[in-house]
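Undergrad: Below you will find the structure I want to go over with you.
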Amino acid sequence: MNLTREAKSIQVIIRLCLRMTILMVFAAFGSIGFGRSLVVFLWMSIALSAVLAIMKREVPLDSALNHWDEMTAYVALCCLIVGFDHFAPI
């Protein structure tokens, strides 16, 4: 399946938005609170994205978005939440 760089990037952005929606829904029902649950789910997503990027042998800082960029977005969101919620575990 040969996709252009733009199509691959759009696919990654849609996948990120869909996963973030699912993570926020599950975090809303977490018994330890929304912020802490979201941080835990983001850590799991970081690990999953890194493993998938390694398995697919994707290149970091490629011209098209990939799992590494998705992982970086999860890391940024996790740091943002931890910065605002001082109680969230790292």
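The values are calculated or read from the model by the stated rules, or taken from the named source; none is laboratory data. None of these values were measured; they are calculated from a predicted model. Virtual Cβ from ideal backbone geometry, glycine too; neighbours counted across all protein chains shown.
Undergrad: Which residue, of Val40, Val25, Val12, Val51, is among the aliphatic types (A, V, I, L, M) and in contact with a Leu (Cβ under 6 Å, 6 or more places away or on another chain)? Spell out the reasoning first.
TA: Working: Val40 fails: in contact with a Leu (Cβ under 6 Å, 6 or more places away or on another chain); Val25 fails: in contact with a Leu (Cβ under 6 Å, 6 or more places away or on another chain); Val51 fails: in contact with a Leu (Cβ under 6 Å, 6 or more places away or on another chain).
It is Val12.
Undergrad: Criterion first (over 15 Å from the mean Cα position of the chain (by Cα) and assigned to a loop (DSSP other than H, G, I, E, B)) does Leu61 satisfy it? Lay out the reasoning, then the answer.
TA: Values: over 15 Å from the mean Cα position of the chain (by Cα): yes; assigned to a loop (DSSP other than H, G, I, E, B): yes.
It is true that Leu61 is over 15 Å from the mean Cα position of the chain (by Cα) and assigned to a loop (DSSP other than H, G, I, E, B).
Undergrad: Could you check region 62-72 and list, in sequence order, the residues that are more than 19 Å from Leu3 (Cα to Cα) and buried (at least 20 other Cβ atoms within 10 Å of the Cβ)?
TA: Scanning region 62-72 gives a single hit, Met71.
Undergrad: Scan region 41-61 residue by residue and report those that are free of Cβ contacts under 8 Å to residues at least 12 places away in the same chain and surrounded by 13 or more Cβ atoms within 10 Å (Cβ to Cβ). I'd like the intermediate steps shown before the answer.
TA: Initial filter on region 41-61 (free of Cβ contacts under 8 Å to residues at least 12 places away in the same chain): 44, 47-48, 51, 54-61.
Leu48, Glu58, listed by residue number.
Undergrad: Where the second residue is at pLDDT below 90 and the first is among the acidic types (Asp, Glu) and lies in region 1-19, which pairs have Cβ atoms under 9 Å and are six or more apart or on separate chains?
TA: Glu6/Ala64
Undergrad: Taking the options Ile81, Ile32, name whichever one is part of a loop (DSSP other than H, G, I, E, B) and hydrophobic (A, V, I, L, M, F, W, C).
TA: On the way: Ile81 fails: part of a loop (DSSP other than H, G, I, E, B).
The conditions single out Ile32.
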